[in-house]
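One structure is given below, encoded as structure tokens.
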Amino acid sequence: MKRTVYGVGYFGKGKYVGSIGGKKTPAYRSWQSMFTRCYCPLSKVEKPTYVDCEVHPDWHNFQDFAEWYYNQPCCDMGYELDKDIICKGNRVYSPEFCCLVPRELNSLLTNNKASRGEYPIGVNFRKGTGRYEVRTNEHGIRKHIGIFDSIEDAFLGYKAAKERYIRMMAMKYVGILPRNAFESLMMLEIDYDD
């Protein structure tokens, strides 16, 4: 019951183990990574998008998290824990808003806000032409969307392409993803300040 994980998380008493044969279980790796993202000072420097994130008290106990984890329909598929597909902008890891999703879906919503500069997501200024270029990443390949005269038109071009791709990828996992995660992805809108 001692809070040994960043002074917040504790293993608890119950049927779930943290390792088998010296190898961490998927649930324990996911639980520990969640605490690292939220409470490790070095992690917050490396990934500032997690600066104000936290773990809900219901999941401070590993046993409670593991119970949730192993009750997810895709717990044995190597999926990643996501906190903001079901509720865009969510900052708290909790049973209510988290789900397990494939890495390719989880990475679709990374915005790199800290490193992209002054322009909206997906928009780059081309000094040589004074125009704005839009590219997306689809199936691991950079895809040219277009060149635009204004930042606003460029963002709208990015928004349309990115939302189309997110919906296409969600359809790939229909029936596999939790229903609320699938529905959120199908209705997701990319905002100017994402």
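The values are calculated or read from the model by the stated rules, or taken from the named source; none is laboratory data. This is a predicted model, so every value here is computed, not measured. Keep in mind that these areas ignore ligands, DNA and RNA; they rest on the heavy atoms of the full protein, side chains included. Shrake-Rupley method; radii C 1.70, N 1.55, O 1.52, S 1.80 Å.
Put I86, I20 in order of accessible area, highest first, and with a 1.4 Å probe you get I20, I86. For the range 1-160, averaging the sequence separation of C-alpha pairs within contact (under 8 Å, six or more residues apart) and dividing by the residue count gives a relative contact order of 14 percent.
For the range 41-168, with all protein chains in place and a probe radius of 1.4 Å, 51% of the accessible heavy-atom surface sits on carbon or sulfur.
The orientation-averaged projection of the convex hull spanning the C-alpha atoms of the range 102-186 amounts to 6.0 square nanometres. For the range 58-119, the Kirkwood hydrodynamic radius from C-alpha pairs, put into Stokes-Einstein at 25 °C and a viscosity of 0.890 mPa s, yields a diffusion coefficient of 189 µm² per second. Is there a pair in K15/K44; K13/K83; K127/K159; K13/K47; K83/K172; K23/K143 whose C-alpha atoms are over 30 Å apart, and which pairs would that be? Listed pairs above 30 Å: K15/K44; K13/K47; K23/K143. Sequentially through the range 127-134, phi angles give Karplus couplings (6.51, -1.76, 1.60; θ = phi - 60°) of 4, x, 10, x, 10, 10, 9, 10 Hz, Gly and Pro residues having no value and appearing as x.
For the chain, the solvent-accessible area with a 1.4 angstrom probe is 56 square angstrom per residue.
Could you tell me what a quarter of the Cα convex hull surface of the range 25-76 works out to, in nm² with one decimal place? In nm², the orientation-averaged hull projection of the range 25-76 is 4.0. In the chain, the calculated helix contribution to ellipticity at 222 nm averages -10000 deg cm²/dmol per residue, counting -39,500 (n - 2.57) for every DSSP H run with n ≥ 4. Remark: accessible surface ordering of R103, R142, R37 (largest first) is R103, R142, R37, probe radius 1.4 Å.
A straight line joining the Cα centroids of the range 63-126 and the range 138-194 runs 15 Å. Phi-derived couplings, Karplus 6.51 cos²θ - 1.76 cosθ + 1.60 at θ = phi - 60°, listed residue by residue for the range 148-157: 10, 7, 10, 4, 5, 5, 4, 4, 4, x Hz, with x used for Gly and Pro.
Geometric descriptor of the chain, per residue, is 133 Å³ (volume of the convex hull of the Cα atoms).
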